[in-house]
Every structure is written in C-alpha cells, then in structure tokens.
Amino acid sequence: AMIVRYGEDTPGARQYSLAVMDFRDLTKSDDPTVSMGITELVSTGLIQSDMVRVVSSERLHDLRRQLFGSPRGAIDDSEVFELARRVEATLFLVGTIEGSGAGRVVIWRLVDARNGDNVGSARAEGAEPVGIADQIIAEVVSAMTRALGVAAKEPVASVESITTDNPRAYQHYTAALLASEESRTGDAIAELERAVKLDSTFALAYMQLGREYRWFYSGKQYEYFDRAWSLRSRLGIKDRMRLEAERENIGRSIAILREMRERWPDDRRVLIDLRDRLGTPWYDIEAIRISEEGLRFYPDDPIIGGAEYLHLLVNAGRADEALRLARSHAERHPEELTGWRTLGYMFIASGLPDSARAAFDRAVRIDPRSDPDDEFGIVVAYHSGDLSGAIARIEAVTGRDNLRPAHRWALMLVSHQNPPSLARLYIEAGRYREMREATREYWEPGSVGMLHTRLLVAMGCWQEIVDLYDLRERMAREDTTLAPFYPRDLGKALAELGDAGRARETAAGLRGIEFEAGAMVIHDANEIEARAALSEGDPKTALKFLGEMKRNGVPFGGCIDIDYRTTLARAYRMDGRLETAAGVHEEMLRIYGGHALSHYELGAIYEQMRRPADAKREYAKFLEMWSGADEDLPQLIDARARLAAL
C-alpha cells in the first residue's frame, strides 16, 4: 500500500532554505510570548508558501543554546550570521518589535546569508499579531521571488485560517509552547485548555493538547487528536501531515513521517516521531539511523539520544556502545535520576548486575520515592541468577492491599521487557500451577486473550494453544464483531506439534499484514519458519530464518529475546555445532541469570560433548532453581534421571 504523497516540493524548496530568527522585542516587555508569537506565525505562513525550506525553529534555538548559551532573547548581528552559516541557510529573516496594542510596529529585514546583502525590508504595523504576520509574510514572499526567482505556488492565505482569529487564544497557545519547551507539561496543558475555551475551532491547540497528553498514557490524547482532525482544514500542510501520522496505521504513518523528514530534515519533532513510530513495531535498525541523524542536528538532546535510543542499540546487539553512552551521561549529569536508572538497565543488558545495583542505588539516593515497588531489586535479583530472591521480592509487592488494578495487570503480564512479572518468574521457576492460580482472573472459560496464549507458549502447552484457536474461530463465527486474533502463537504451536505446512501458512499470513502491524509480525513469521524447519530436522534453513530475525533487531529484556536465543541454540545443536550451541546458553545466563532452563539445556549439551563434570554442575544448578517446580514437568523428571546416571 503506497502513500499518496502530499504534492512534490517546488525546486526552490529543495534548493534554498530560510532561517527565521526570533524577532527582538524592544519594548522591554517581560512577556516572551509577544516575540515568540509573531515569529511562530511568520514561520507558519512561510512554510505554507512552500517556496523554500524553512529551517526548524527548534534547530535554531538548540544551536543558539550550544553556541551562545541561551536559546532565546536578544542576539547580536554577528551571532545571527554564525547561526545562518551553521544551518546552511540561503536567506535569513530578522526583525524588531516596538510599541504595543494598536501602535505595535515590526521592522524586518531579509538578508542573503552568503554575502550579507539586504534583499528586502519593510515595516508592518497593527493591533493584532496575525495582521502584522500576514503583512510580513506577503512582503517576504515578494522579496524571495525577486531574490531567488522562485514563486509561491499560489497566493498565501492568512495565517488566521490555519491558527486562530482570537489573539488571546493564540497568546495562551504560545505560552503553552514555551512551557512545553521547558518540560512544564502541566502548565502547557492548562494554557492550551484556556486557548480552546476562547476558540473552539483552534485545531493547532487541540493537536498540541493531544501531544502533551501522550506523556500520561491516559488515552485522552485520542479525543484531542480526533477533535483536531475534525478541524483539519484549519491546519497548515506540515501540521496536517503530523496529525495524520498520529492517527494512521503503522505503515501509512511511517510513510507520512518519512516524507516529512525529506521535506523538513531538521525538524526535531518529526525526527522523534519517526524514530518512535519505527521503534514501537520493532524497525529498530532504521530507528537507530533516524536517532543518529537527529543527533547530528541536536547532539545532546535528552530525548533523541536518551533511554529510547540506548534501548534500541541494545536490541541491535550494540550493548557495549549503549553502556558507554549511558555512563558518560550519568557522569556529566550526576544529579539526574533518569540517567542513573538508564545506566542501571544498560549494565543489566551488558551482564553486569552488581554494577546495575550500584547505579540503581544512586537513583534511589537522589529520590527515595523512585522505586516504590522494588523494581530495581527484582531486576537485579533475576538477572544475577537469584530466581527465588526475585520471586520473594515480587510476592512482597503483589501481596499489598493497595495495589492498583492496572499495576496488578502489569505484574501478571508475561512481557518481553523489564521488570519481569510475577507470572513470568513463576514460569521461569517451573511453578506453573502457582502461576495459573495467581493469574486465574485472566483465565476465564472461553478467554482468548494474548496473556493467556503467551503463558501457554512459555509453558510449552502447544496442543492447548491449537485448541484455543479452534475455540476462537468458533466464537468469531458466532460473533463477527470479534477482530481477527493475532496468530503468532498458533504458528509456533503448529510447528512444535510437527504440522510444518500449516505453520508456514500462518507465517505467510503474518507477512501479509506487515503494513498494518509492523516488523513485529515479520519477526514472528521468521521464528515460526525456523521452528517449522527444526521440526523437519533442517537446522540450516532454521539458522537462515533466525539470521533474518536479527535484521530489524531483537527486543531485549524478556521472553521474546529468550525464545530467540533458545531456538538459535536448538538449531546449532541439531547442526552438530555443540560448542556454539553451548555458547548461546552461556551468554544467555550471563545476561538472564534467572533463566533456569538454560542450565538444563547446557547439561544436555555438555553430556553430548562428553563433559560429565560440567553436565553434573548444570543439572544440579537447574534442580536447585526448580526446587519448588511442579513435580510432573518432563524437564524436572529428565534432569533428575540424568544427574543420577552421571
């Protein structure tokens, strides 16, 4: 499904660029929204003209901060030239604001950044920022046409039509942008709510409200995005594309954001949105590339180069690099809580749980409330191999009376990420009956939830999964409102039961929905193909598909990565590469110390390699970690028998 492009740029938009510098407020006003408001309106209108590429205001502010110490405020002529040179602008626009109310006057100059020549200047006056901005935009467009020989595609409409006709509403919107820039999310929301109260058709303010509410994971953002979408004729081209990307499925959203990156390559929000949209459905390698492009423009940006980027590096097998960056950040910002928390997780990903404990302790010293549910202790215990200690810690948390329902759900979910849940730790310890008891509210008769099947995969209950899908299909025939259920676990179950043909059909079906679901379905399809090949005794084909799984990165931190490594070791073992198979499990235990079944698998591999002492050690360690396991589990029975025989 191809994107319908929003229209090609004029040649000038690719060839030339314009830096709109902050207009200087000479009235000695303490209100930064006057200068910011007029500057933003002029930028918005000039973007709409599509004559040249308008340099992102965030890029200009960030570069000013790096070069001259402050992102906004008064700026010398020499500094303006340096900024324009650094962003490779063809032209730059500067202006001053004098007077107030009905007597406000803006004097502006358009300058050729290559030689310093003035290519246009004038004064604009009026009572309202929108009227002043419209005068400036019209005259700047004429001056650019004369200077560059590039014309606007059509007359530029008033910025009022893509913002608001209410000056007070726009002032609140500008104050919200300033608050957002300074990470004052609550203040930004309050200002935006004032703006939409004054103008209920202010699409840009609704859209920004949606973006601010994303930080709260409340779902409220969708109400605001829907409201903005119903008013989308009141948005400029760039904002309309950005809003559509928020609302569309994964493939369409990524295509829109890629097009936006081509047109506005230095726009920080576009870079972050594209990176996040790629990373969520596991296009990790491309997401890393976008982060690294972003870091060229914004070298110390805490979001572009922060925890999300480091986790992507880990997924791509670059844990050493992620650890080096996290350590450097924590040393430069020793009082920042998130830096130490992130460093702790990078130590975990590098197989250094003792160092992780020290980093987490540092975070708790900065803010004792930063770990109310003992997340850090649970993670360190599990990854250092203290499975019973991790379970005891998480049971202490889940036993509390005041546990929120949403939190209880998270503690039960068998996730691919950290911290591990109670359900996952019970599975790791072979305590399947206890796990079912602890999660019984999610195992109602007829339940076909993803939690249910994820737990069955972890337990290896393959026939039960197939039966569950048969039930699911019967339910779908009776109730057509049920959406098609995600069949990744069915494909794995069919492969493990030896039905390779149907397993491959399931994998093909998953590949067919990549545009809607993203790279996660390609990962699952490759895993199903690998398992199907192993069921037919064909490890070389399995290894080919396992290699494909690495192409987009493998999510670190839990069952998805563990399943991948376990299947990889199986393939190497079947291929007779015992040393390599053992290496996969040794590396697994270095990082996931609580994964008891790796000790069992290592015991069997070492036995095959005629290393009986090593095999005995691994079986003994496995039996110790499974001391509370269900008595009828085949691995437990087998390990006891093998250890006795040795």
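The values are calculated or read from the model by the stated rules, or taken from the named source; none is laboratory data. All figures in this text were calculated on a predicted structure; none of them were measured in a lab. Note that we place each Cβ from the backbone using ideal geometry, even for glycine, and neighbour counts take in every protein chain shown. Note: accessible area is taken over every heavy atom of the protein model, side chains too, but ligands, DNA and RNA are not part of it. Shrake-Rupley method; radii C 1.70, N 1.55, O 1.52, S 1.80 Å.
So, Ile75, is that one in contact (Cβ under 8 Å) with a residue 24 or more places away in the chain, part of a loop (DSSP other than H, G, I, E, B), hydrophobic (A, V, I, L, M, F, W, C) and open to solvent by less than 20 Å² (accessible area, probe 1.4 Å) or not?
Working: in contact (Cβ under 8 Å) with a residue 24 or more places away in the chain: yes; part of a loop (DSSP other than H, G, I, E, B): yes; hydrophobic (A, V, I, L, M, F, W, C): yes; open to solvent by less than 20 Å² (accessible area, probe 1.4 Å): yes.
Yes.
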Margin query: I'd like to know if the range 487-495 contains one or more residues that are out of contact with any Pro (no Cβ under 9 Å at 6 or more places or on another chain) and either among the acidic types (Asp, Glu) or touching a residue at least 60 places away in the same chain (Cβ under 8 Å) (or both).
Written below: yes
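Which residue out of Ala542, Ala569, Ala532 is at pLDDT 95 or above, in a helix (DSSP H, G or I) and under 23 Å from Gly351 (Cα atoms)?
Checking each option against the conditions leaves just Ala569.
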Next item on the list: Identify the single condition in (1) more than 18 Å from Thr44 (Cβ to Cβ); (2) without any contact (Cβ under 8 Å) to a residue 40 or more places away in the chain that Glu160 does not satisfy, given that it satisfies every other one.
Entry: (1)
Next item on the list: Would you please list the contacts, defined by Cβ atoms under 7 Å and residues six or more apart or on different chains, that run from a residue in the range 219-240 that is open to solvent by less than 30 Å² (accessible area, probe 1.4 Å) to a residue that is small (Gly, Ala, Ser)?
Entry: Gln221/Gly210; Phe225/Gly210; Ala228/Ala203; Ala228/Gly210; Leu231/Ala203; Leu235/Ala203
Note to self: Under 8 Å between Cβ atoms, which residue pairs at least 6 apart in sequence (or on different chains) link something in the range 243-256 that is in contact (Cβ under 8 Å) with a residue 60 or more places away in the chain and over 14 Å from Ala519 (Cα atoms) with a partner that is of a type in the set (Phe, Trp, Tyr) and crowded, with 18+ Cβ neighbours inside 10 Å?
What the structure shows: none
Next item on the list: State yes or no: is Arg168 part of a helix (DSSP H, G or I), surrounded by fewer than 17 Cβ atoms within 10 Å (Cβ to Cβ) and more than 36 Å from the chain's Cα centre (by Cα)?
Entry: no
Notebook entry, point to check: Has the range 243-255 got at least one residue that is open to solvent by less than 20 Å² (accessible area, probe 1.4 Å) and not in a helix (DSSP H, G or I)?
Noted result: no
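Picking from Ala157, Ala138, Ala152, which residue would you name as being open to solvent by 50 Å² or more (accessible area, probe 1.4 Å) and modelled with pLDDT under 90? If you could, list the steps in order and put the result at the bottom.
On the way: Ala138 fails: modelled with pLDDT under 90; Ala152 fails: open to solvent by 50 Å² or more (accessible area, probe 1.4 Å).
It is Ala157.
If I go through the range 583-605 residue by residue, how many of them are part of a helix (DSSP H, G or I) and out of contact with any Phe, Trp or Tyr (no Cβ under 7 Å at 6 or more places or on another chain)? Break it down into steps so the answer makes sense when it comes.
Of the range 583-605, the ones part of a helix (DSSP H, G or I) are 583-591, 596-605.
Imposing the further condition that a residue be out of contact with any Phe, Trp or Tyr (no Cβ under 7 Å at 6 or more places or on another chain) reduces the set to 583, 585-591, 597-598, 601-602, 604-605.
Adding up the residues that qualify gives 14.
Considering only residues of the range 569-600 that are farther than 21 Å from Pro353 by Cβ and surrounded by 20 or more Cβ atoms within 10 Å (Cβ to Cβ), which is nearest to the chain's Cα centre (by Cα)?
Kept after step one, since they are farther than 21 Å from Pro353 by Cβ, are these residues of the range 569-600: 569-582, 600.
Now drop any that are not surrounded by 20 or more Cβ atoms within 10 Å (Cβ to Cβ), which leaves 569, 571-573, 581-582, 600.
Values: Ala569: 30, Ala571: 32, Tyr572: 33, Arg573: 35, Ala581: 33, Ala582: 34, Tyr600: 35 Å.
Top of the filtered list is Ala569.
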Next item on the list: Look through Val105, Val130, Val94, Val119 and report the one residue that is open to solvent by less than 30 Å² (accessible area, probe 1.4 Å), over 24 Å from Arg168 (Cβ atoms) and aliphatic (A, V, I, L, M).
Entry: Val94
Note to self: So Glu259 ticks every box in (1) in contact with a Phe, Trp or Tyr (Cβ under 6 Å, 6 or more places away or on another chain); (2) open to solvent by less than 20 Å² (accessible area, probe 1.4 Å) but one. Which box is left unticked?
What the structure shows: (1)
Next item on the list: Among residues belonging to the range 504-532 that are farther than 30 Å from Glu248 by Cα and small (Gly, Ala, Ser), point out the one that is surrounded by the most Cβ atoms within 10 Å (Cβ to Cβ).
Entry: Ala530
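Can you tell me which residue among Ala390, Ala406, Ala396 is aliphatic (A, V, I, L, M), out of contact with any Lys or Arg (no Cβ under 8 Å at 6 or more places or on another chain), loosely packed, with under 14 Cβ neighbours inside 10 Å and modelled with pLDDT of 70 or more? Steps first, please.
Values: Ala390 fails: loosely packed, with under 14 Cβ neighbours inside 10 Å; Ala406 fails: modelled with pLDDT of 70 or more.
Exactly one of Ala390, Ala406, Ala396 is aliphatic (A, V, I, L, M), out of contact with any Lys or Arg (no Cβ under 8 Å at 6 or more places or on another chain), loosely packed, with under 14 Cβ neighbours inside 10 Å and modelled with pLDDT of 70 or more, namely Ala396.
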Item checked: Residue pairs meeting the criteria (Cβ under 6 Å; at least 6 apart or on separate chains; first closer than 13 Å to Ala604 by Cβ, in the range 568-582; second surrounded by fewer than 21 Cβ atoms within 10 Å (Cβ to Cβ) and at pLDDT below 95) -> none
Checklist line | Which listed residue is within 21 Å of Leu633 (Cβ to Cβ), open to solvent by less than 10 Å² (accessible area, probe 1.4 Å) and at pLDDT 85 or above, from Leu494, Leu425, Leu456 | finding: Leu425
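One line per residue, one yes/no per condition, for (1) part of a strand (DSSP E or B); (2) at pLDDT 90 or above; (3) under 37 Å from the mean Cα position of the chain (by Cα):
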residue	(1), (2), (3)
Glu82	no, yes, yes
Arg85	no, yes, yes
Phe92	yes, yes, yes
Val106	yes, yes, no
Arg109	yes, yes, no
Arg114	no, no, no
Asp134	no, yes, no
Ala143	no, yes, no
